[in-house]
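What follows is a single structure, written as C-alpha cells, with notes after it.
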Amino acid sequence: MSVFRIILSMLFFCGCVIFLYFSIHLLYLKPIKSPVIFVVDRHETARQVSKRLQAENLISSEFVFRAALKITNTDKKIRAGVYQFLPDLSLLSLLKMLTRDSGVLLKITIPEGWTTVQIINYLSEIQGIEKSLSLERESQRYFLPETYYFYPPISEDKVLEMMVNQAQKRIKNISAGLLPFPLKTFEEVVTLAAIIEKETALDWEKPIIAGVFLNRLRKGIPLQADPTVAYAVSQGTGMLNRSLTRLDLKFPSPYNTYLNKGLPPGPICHPGWKSIEAVLKPQQSTLLYFVKNSEGGHTFAQTIKAHNQNVKKYRLLSIVK
C-alpha cells in the first residue's frame, strides 16, 4: 500500500471518528432529565452561554456546541430570552431553540395590597426580567394588581409600564362626577382604596368601610386607620411582622392618620379594583367607627360609646380564645 493511500485511509478514519463524535454529542447524548428553565441575557456572548450550558449539565460538550455554532454560522444569532428545555432534548435541538425566539411567556401575579417595595423585590427575583428602575421614580404610580404575561427578556420599567397602562384603561372610564365628596382626584380615590384594601379582605365589607372613612373625612375626624401607621413605622415597606403598640400610634409621619387629619400623602399599597369600586360606590350610612370581630370581619357603630363597647367585646373574646 502506498504512503498516499495510508495517509488517505488515516484521514478517512479520523474523519469518521470526528463525525461519529459530533453525531453522538449532537443527536444521542441527552443529559437533560427533567424540565429546566434557562435564561439568556441580552449581553451574553455565545462563549458565555456555552460555558453556562456545560456548567449546568444541559449539554454534553461545550466544544461540540461552539463548533456547531461556528459551522452553522449561528454563533452571533443566539437570542436573549427564557427557554424551557424538556427532557431528552438533543444538543442540536437545543441549538435550534437558542437561535430562534424562545416563545416562552413569563407569567407574573401581583397580589392586591402589595407595596411598591414588595412588587419591585418580587420582580427582581424573576428570571427574564432585567433590573432597570429607580424606586423613587416608581413610588407615586398606581400598578393594578393582576396577572400579567410577557415575552422575555423584558426590563422592570417595561413590566411596570404595562401595569400602569392596564390601570389607565380602567381609570379612563371614570368621570370626575363619579368621585364621592370630598375626594377631588382619582389619586385620592386610590389613596383611600389602599387603606380599605389593608383593612379588610372581605369584598362585601369594603363599601361599608369606604362609607365610614368618607363620613369621617367630611366631618374632619382623623381616619385613625392602623394600616397607615404600620406603613409609616415600616418605612414604606408595608412589612411589619408584629402588632401595633400605643407608642406606634404616636409615630411622627404624614402617613400616620392618628396624628393627621385627612388622607395620607399617597397610597400605602396598590389596591385591587374591588377596593377602588368600594370608594366610588360607598355604602351610604351614618357609621363612623368599626373594630374587628371574632368572625374575621368588623363590627360597625355610629357613636363612640357604641364603638367602645364593641372594642371591649372584641378584647374579651380575644382573651377567652
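Given the pairs Lys206/Lys292; Lys250/Lys313; Lys33/Lys70; Lys219/Lys261; Lys184/Lys274; Lys51/Lys77, which span a C-alpha to C-alpha distance of over 18 angstrom in this model?
Lys250/Lys313; Lys33/Lys70; Lys184/Lys274
Given (i) 37; (ii) 59; (iii) 45, which label gives percent of Cα pairs over 27 Å apart as computed from the coordinates?
Identified label for the calculated read-out: (ii).
In nm, what is the difference between 0.36 nm times the number of residues separating Thr99 and Arg47 and their Cα-Cα distance?
Gain on extension, Thr99 to Arg47, equals 17.3 nm.
Please build a GNM for the chain, connecting alpha carbons under 10 Å apart, and tell me which residue among Arg218, Arg246, Arg47 fluctuates the most.
Its mean-square fluctuation being the largest, the pick is Arg246.
Ranked highest first by average number of other Cβ atoms within 10 Å, how do 206-213, 30-37 line up?
The packing order, highest mean first, is 206-213, 30-37.
What order, most packed first, do the peptides 111-124, 258-271 have when packing is the mean number of other Cβ atoms within 10 Å of each residue?
Those peptides, ordered most packed to least, come out 258-271, 111-124.
Springs between alpha-carbon pairs under 10 angstrom, Gaussian network model over the chain: which of Asn165, Asn73, Asn256 fluctuates most?
Asn73
Tell me, what ³J(HN,Hα) does each residue in segment 292-298 have, in order and in whole Hz, if you take phi through Karplus 6.51 cos²θ - 1.76 cosθ + 1.60 with θ = phi - 60° and put x for Gly and Pro?
4, 10, 6, 9, x, x, 9
What number, in percent, do you get for the relative contact order of the chain if the mean sequence gap of Cα pairs under 8 Å and at least 6 apart is divided by its residue count?
15 percent
Run the numbers for Gln84 and Val36: contour at 0.36 nm per residue of separation, minus the present Cα-Cα distance, in nm.
16.7 nm
Starting from the Cα gyration tensor of segment 27-98, take the square roots of the eigenvalues, sort them a ≥ b ≥ c, and report rounded, prolate or oblate (rounded when a/c is under 1.5, otherwise prolate if a/b is larger than b/c, else oblate).
Because a/c hits 1.5 or more and a/b fails to exceed b/c, segment 27-98 counts as oblate.
Under the rule a/c < 1.5 gives rounded, and otherwise a/b versus b/c splits prolate from oblate, where does segment 106-171 land using the Cα gyration tensor?
rounded
Choose one answer from Pro254, Pro182, Pro227: the residue with the largest mean-square fluctuation in a GNM of the chain with alpha-carbon springs under 10 Å.
Taking springs between Cα atoms under 10 Å, the residue moving most is Pro182.
Tell me, what is the percent relative contact order of segment 106-171, built from C-alpha pairs under 8 Å that lie six or more residues apart?
Computed over segment 106-171, the figure is 41 percent.
Can you tell me what percent of all Cα-Cα pairs in segment 119-236 are more than 18 Å apart?
The proportion of pairs with Cα distances above 18 Å equals 62 percent.
Given labels modelled 7 Å from the Cα in the Cβ direction, how far is it in nm from Lys305 to Gln284?
2.7 nm
The numbers here are math on the coordinates, done by the rules we state, and not lab data. Quick caveat: nothing in here was measured; it's all calculated off a predicted structure. Glycine also receives a Cβ, built like all others from the backbone with ideal geometry; neighbour counts cover every protein chain displayed.
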